[in-house]
Amino acid sequence: MSDTTLPHGGLPDLHGLNAQLARNWWLIALRGVIAIVFGIVAWVMPVSAMLSLAFVFGIYLLVDGVFGIAAAIRAATHHTRWGVLLGEGVLNLVMGVIALAFPAAAVLGFVLVTAAWALMTGVLMLTAAFRLHATHGRWWLALGGAVSLLWGVMLVLGPLIGALVLTWWLGTYAILFGIMLLVAAFRLRAQHHI
């Protein structure tokens, strides 16, 4: 029986989970260090970080495409619908090749998708805000929608600068996340021998 099995109440055995995390504190610390290193690289060499992420995404698409095609073949051998699976697998292969051949285009595509998301979110938030009563936070919701619209417009007008800013945000997130993991890891380490 594992330390983290669910006892009769269906709740996790927190003592066992705590003990397991304390024993493996160093894995959490390692994750924190890796996150911090990635965050620093994203800040110091943002173009390299962006292109590396596009490369990893391209590899992911290729692997996913192969698995999608394999699933289509298995579906076809069992005489079930397979066309959509094959289409998705081929699309992922093509997009993976494009991302690997033109990583800057993959980064640009991500920025433009983010811009479209920000613009749509802004419009929807503004629409919702003007249907909300003023005492319920209408202006805060409207301000959030306006900020989202502004961010979307800025990404459309300057996608390369937008990619740089997104990379820096990702780097900042990674550094903060890594610090939190390191703090947690050393708190766990202190509990390991208790």
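The values are calculated or read from the model by the stated rules, or taken from the named source; none is laboratory data. What you see is a predicted model; the values in this text were computed from it and never measured. Note that we place each Cβ from the backbone using ideal geometry, even for glycine, and neighbour counts take in every protein chain shown. Surface accessibility is based on the protein's heavy atoms, side chains included, excluding ligands, DNA and RNA. Shrake-Rupley method; radii C 1.70, N 1.55, O 1.52, S 1.80 Å.
The mean sequence distance of close C-alpha pairs (under 8 Å, at least 6 residues apart), as a share of the length of the chain, puts its relative contact order at 33 percent. Dipole size of the chain about its Cα centre, with +1 on Lys/Arg Cβ and -1 on Asp/Glu Cβ: approximately 240 debye, rounded to the nearest 20. One entry in [x] 18.5; [y] 14.5; [z] 13.9 is mean projected area of the Cα convex hull in nm² calculated from the shown coordinates; its label is [x].
If I model the range 72-136 as equal point scatterers sitting on the Cα atoms and use the Debye formula, what is log10 I(q)/I(0) at q = 0.15, 0.20, 0.22 Å⁻¹? Normalising to I(0) and taking log10 leaves -0.72, -0.84, -0.90. Span-like helix criteria (full DSSP H runs; alpha carbon extent of at least 20 Å along the helix axis; mean Kyte-Doolittle hydropathy of at least 1.0) are satisfied in the chain by 25-44, 46-77, 83-101, 103-129, 138-157, 159-192.
Note on the chain: with a GNM built from Cα contacts shorter than 10 Å, the maximum mean-square fluctuation among G87, G109, G16 falls on G16. Taking a Cβ cut-off of under 15 Å around F67, the surrounding Lys, Arg, Asp and Glu residues balance to a net charge of -1, with basic ones at +1 and acidic ones at -1. Solvent exposure of the range 59-194, expressed per residue, is 67 Å² of accessible area, with all protein chains present and a 1.4 angstrom probe. Among G162, G65, G83, whose mean-square fluctuation peaks in a Gaussian network model of the chain (Cα, cutoff 10 Å)? Greatest mean-square fluctuation among the candidates belongs to G83.
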